[in-house]
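Worksheet for the structure shown next.
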Amino acid sequence: MKSSLLDGLKHCFTTRESILKTKEPNFQKLSKENYQMFLEYFNVERMIYPEQTHSSNVEIFDPAKKSYPDTDGLILADKKQAIYLNFADCTPLIFYDEENGVAAVSHAGWRGTAGQIGVKTVLKMQKDFGSKPEKIKCVIGPAISFCCYNVGEDVCNRLISTVKNSDGLYESRNSLIYVDLKGINKRQLNEAGLENIDVCPYCTVCDNDKFFSYRKENGTTNRHSAIITLD
């Protein structure tokens, strides 16, 4: 699955059928087959992913580095490589600056969102590659949506404190607090100067037949992914 907003960037969001990341034995064979399939599709020798820890740390891909510990955002400017990050309810963010030939993927769970990882990714693209926020396109991928994401009051307060205007981003239902994680990321990025943002409508809980959900599947180790490479 991909977004028309990112025409010019080779990218996709995987589904249950195209799984890459798992610890479950019954998915191991499929994940290896899918990895080879994506290598051929993206025409690369390998695909790199960071060691995600729900941080707000962002790094730049370096072909000399073998690993990216404690990293939840990875920026790519090397046309010979592909990168991917893994998700199961958390919010995938893909960024693309066609003008400067740079793209990125970031992993925004509630901790990453509270740490404004999306904005930090944009600032790093701006600082290191001269990207202009108004020229950066962003796609917010499949994630747990407003309909299903209830949190405690402390988490809600931490999330809505990251935006100037939190109207419509949280509400109380049956004594539970629900927040719009996709919407908070979008508003953070709007307030940081991004204008071109596409929000995927899929909810990983409601659309669990297509995507993995950590909450609905009782802590599953299966993940769907966001993959990018530069043409």
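The values are calculated or read from the model by the stated rules, or taken from the named source; none is laboratory data. Computed from a predicted structure; not experimentally measured. Here the Cβ positions follow ideal geometry from the backbone for every residue, glycine too, while neighbour counts run over all protein chains shown.
The range 172-231 holds strands (runs of 3 or more DSSP E) entirely within its bounds, and those carrying 1 or more residues that are within 28 Å of residue 82 (Cα to Cα) map to 196-199, 224-230.
Residues checked against (1) within 25 Å of residue 213 (Cα to Cα); (2) of a type in the set (Val, Ile, Thr):
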{"site": "96", "(1), (2)": "no, no"}
{"site": "104", "(1), (2)": "yes, no"}
{"site": "117", "(1), (2)": "yes, yes"}
{"site": "120", "(1), (2)": "no, no"}
{"site": "130", "(1), (2)": "no, no"}
{"site": "135", "(1), (2)": "no, no"}
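Of all residues in the range 43-77, those satisfying the criterion of being buried (at least 19 other Cβ atoms within 10 Å of the Cβ) and not in a loop (DSSP other than H, G, I, E, B) are 48, 58, 73, 74, 75, 76.
Quick grid of which residues meet (1) assigned to a loop (DSSP other than H, G, I, E, B); (2) touching a Pro at 6+ places or on another chain (Cβ under 8 Å):
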position	(1), (2)
96	no, no
100	yes, no
107	no, yes
128	no, no
156	no, no
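One residue is enough: does the range 28-38 have a residue meeting the conditions in contact (Cβ under 8 Å) with a residue 40 or more places away in the chain and outside any helix (DSSP H, G or I)? Checked against the condition, which is being in contact (Cβ under 8 Å) with a residue 40 or more places away in the chain and outside any helix (DSSP H, G or I), the range 28-38 yields no hits at all. Flag: residue 130 does not match the condition of being surrounded by 17 or more Cβ atoms within 10 Å (Cβ to Cβ) and either at pLDDT 95 or above or at negative phi (or both). Among the residues that make up the range 90-108, is at least one of them under 18 Å from residue 182 (Cα atoms), out of contact with any helix residue (DSSP H, G or I) (no Cβ under 8 Å at 6 or more places or on another chain) and crowded, with 22+ Cβ neighbours inside 10 Å? Yes, some residue in the range 90-108 is under 18 Å from residue 182 (Cα atoms), out of contact with any helix residue (DSSP H, G or I) (no Cβ under 8 Å at 6 or more places or on another chain) and crowded, with 22+ Cβ neighbours inside 10 Å. Taking the criterion of being among the charged types (D, E, K, R), in contact with a strand residue (DSSP E or B) (Cβ under 9 Å, 6 or more places away or on another chain) and at pLDDT below 95, would at least one residue in the range 93-105 satisfy it? No - not one qualifying residue is present in the range 93-105.
The test for being closer than 24 Å to residue 132 by Cβ and either among the small types (Gly, Ala, Ser) or part of a loop (DSSP other than H, G, I, E, B) (or both) holds for residue 165. Among the residues of the range 136-147, those identified as over 20 Å from residue 51 (Cα atoms) and either buried (at least 16 other Cβ atoms within 10 Å of the Cβ) or within 13 Å of the chain's Cα centre (by Cα) (or both) are 136, 137, 138, 139, 140, 142, 144, 145, 146.
Go through the range 109-126 and report how many residues are in contact with a Pro (Cβ under 7 Å, 6 or more places away or on another chain), under 20 Å from residue 198 (Cβ atoms) and surrounded by fewer than 24 Cβ atoms within 10 Å (Cβ to Cβ). Looking only at that region, the number is 0.
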